Amino acid sequence: MEQTIKKAVQDEYPEDFSWCYGCGRLNENGHHFRTGWDGDNTVTIYTPRPEHTALPGFVYGGLIASLIDCHGTGSASLALHRKNGHEPGDAVEPPRFVTGSLHVDFIKPTPHSVPLKAVGTVEEVHPKKWKVHTEVFAGGKVCAKGEVVAVVMPSTFYEK
């Protein structure tokens with residue numbers, strides 16, 4: 001049985017910040033990545049759609065990079081939210097992050113016919129910067145690894 005994310009940090013983002021093509025719940029054409037806790041690690045599960053084909057039977061690398069990117073910023077949000085004493089579902093808006101840097105290593109071709117599972121470990125490197133190490137699994141095998149440096153979204157984004 002495929003693992004599901006019951007309480008995702010993206011479900012808690014306010015509407016103004018829910019339009020990301022990767023993880024925005026309000027972007028009807030987007031991927032709708034959802035990131036939650038699995039013990040001390042973060043996890044995102046996503047099943048590629050037919051249009052995410054690189055060549056028959058394999059996933060397009062851009063989708064994997066997008067998964068690592070949004071998983072990284074979502075994971076940083078989860079970690080800071082937890083550090084602040086909160087969890088998804090407790091009616092407290094989580095912090096938002098932007099990508100400071102993204103690095104992806106493609107380990108092996110990623111099969112298209114299986115759900116992808118991104119598993120992250122998070123480390124705080126500065127009060128406003130968090131590093132997320134992610135491994136992407138397909139069929140239980142690591143297909144890609146990545147690192148995101150996520151930066152707390154500047155307050156100027158909130159001001160209108």
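At a glance:
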item: C-alpha center-to-center spacing [the stretch 66-89, the stretch 1-58] in angstrom; result: 13 Å
item: Å² per residue, accessible surface of the chain at 1.4 Å; result: 52 Å²
item: Net length gained if the chain between L55 and D90 were fully extended (0.36 nm per residue, minus Cα distance); result: 8.3 nm
item: Summed residue charge, Cβ within 10 Å of F33's Cβ, Lys/Arg positive, Asp/Glu negative; result: +1
item: Sorted peptide list for 40-51, 72-83, criterion being average Cβ within 10 angstrom, highest first; result: 72-83, 40-51
item: Built amide H within the under 5 Å cut-off of D38, gap 5+; result: V43
item: CD proxy at 222 nm, helix term only [per DSSP H run n ≥ 4: -39500 (n - 2.57); per residue of the chain; nearest 500]; result: -5000 deg cm²/dmol
item: Cα pair count fraction exceeding 21 Å, expressed as % - the stretch 13-84; result: 30 percent
item: In order through the stretch 112-129: 3J(HN,Hα) via Karplus (6.51 cos²θ - 1.76 cosθ + 1.60), integer Hz, x for Gly, Pro; result: 7, 8, 10, x, 9, 10, 8, 10, x, 10, 10, 9, 7, 10, 5, x, 10, 9
item: Degrees, to the nearest 10: 61-83 long Cα axis against longest axis of the chain; result: 30 degrees
item: Net charge of Cβ neighbours under 11 Å - reference K6; Lys, Arg +1; Asp, Glu -1; result: 0
item: Net charge of Cβ neighbours under 13 Å - reference C23; Lys, Arg +1; Asp, Glu -1; result: 0
item: Over the chain, relative contact order from alpha-carbon pairs under 8 Å, at least 6 apart, %; result: 23 percent
item: Protein accessible area in the chain, 1.4 Å probe - carbon and sulfur %; result: 55 percent
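The values are calculated or read from the model by the stated rules, or taken from the named source; none is laboratory data. Owing to the predicted nature of the structure, the values given are computational and were not obtained by experimental measurement. As a convention, Cβ positions derive from the backbone with ideal geometry for all residues, glycine included, and neighbour counts pool all protein chains shown. SASA here: full protein model, heavy atoms, side chains in, ligands and nucleic acids out. Shrake-Rupley method; radii C 1.70, N 1.55, O 1.52, S 1.80 Å.
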